[in-house]
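Everything on this sheet refers to the single structure shown next.
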Amino acid sequence: MKQTFEDFKLIRNPAGQLQLTTRNNEVHNGVYPVRAFPISAADEGLSLMSREGHELAWISQLADDLPEDIRTLIAEELMQREFMPEIHRIMHVSSFATPSTWQLMTNRGEATLTLKSEDHIRRLTHTSLLISDSHGIDFLIPEIDRLDKPSRKLLDRFL
């Protein structure tokens, strides 16, 4: 049965994990949040999952439905779990054939990705892309139109 925030308590336990206690005093350690739509609607639809991968609670709106202390705990946990640099500029591409190495400027600083195949560039929406590198790190381009012209020109060679 799915629960709302009124049906549970969420704290950080001494081990640094999220601990969810249900209305029936069931305690779940190692709880983690999972967004339903991490790119297109990041603050809408979020599940609190047990360590075993079972949904314990559903939160429909992260911003509006939660008390501040729970929202802060969830935001901290999401920041630790989600690592998806946003590409701001493509500075250099080693080759237009794959595999190729890309030098990037991201929201987390300079980065290098190795694109194994053009299949690792996925269109999320009409204007956003997700690029997976050879190490499994996903790089997001939230708005292709925000890239500078040289970056768009390099990117177009792979689309």
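If only residues of segment 138-158 that are hydrophobic (A, V, I, L, M, F, W, C) and either in a strand (DSSP E or B) or closer than 16 Å to H88 by Cβ (or both) are counted, the one that is farthest from the chain's Cα centre (by Cα) is L154. Does S132 satisfy the criteria of being out of contact with any helix residue (DSSP H, G or I) (no Cβ under 9 Å at 6 or more places or on another chain) and not β-branched (V, I, T)? No, not satisfied.
Restricting attention to segment 13-67 and to residues that are more than 30 Å from R122 (Cα to Cα) and acidic (D, E), the residue that is least open to solvent (accessible area, probe 1.4 Å) turns out to be D65. Given the conditions (1) closer than 30 Å to R157 by Cα; (2) free of Cβ contacts under 8 Å to residues at least 60 places away in the same chain, report the number of the one that S40 does not fulfil. That leaves (2) as the condition not met. For segment 68-89, the candidate set comprises residues that are hydrophobic (A, V, I, L, M, F, W, C) and either outside any strand (DSSP E or B) or more than 15 Å from T112 (Cα to Cα) (or both); within that set, the residue that is most open to solvent (accessible area, probe 1.4 Å) is M79. From the list D133, D145, the lone residue that is over 19 Å from R35 (Cα atoms), of a type in the set (D, E) and open to solvent by less than 80 Å² (accessible area, probe 1.4 Å) is D133. Checked against the criterion of being touching a residue at least 12 places away in the same chain (Cβ under 8 Å) and farther than 25 Å from F139 by Cα, the candidates I74, I70, I87 yield just one match: I70. Taking segment 90-123 as the search range and keeping residues that are without any contact (Cβ under 8 Å) to a residue 12 or more places away in the chain and outside any strand (DSSP E or B), which one is most open to solvent (accessible area, probe 1.4 Å)? By that ranking, first place goes to D119.
Among the conditions (1) more than 18 Å from E76 (Cα to Cα); (2) part of a loop (DSSP other than H, G, I, E, B), T21 misses just one, which is (2).
The values are calculated or read from the model by the stated rules, or taken from the named source; none is laboratory data. Predicted model, so just to flag it, every value in this text is computed and none were measured. For neighbour counting, all protein chains shown are included, and Cβ atoms are generated from backbone atoms with ideal geometry for every residue, glycine included. The accessibility values were calculated without ligands, DNA or RNA, using every heavy atom of the protein model including side chains. Shrake-Rupley method; radii C 1.70, N 1.55, O 1.52, S 1.80 Å.
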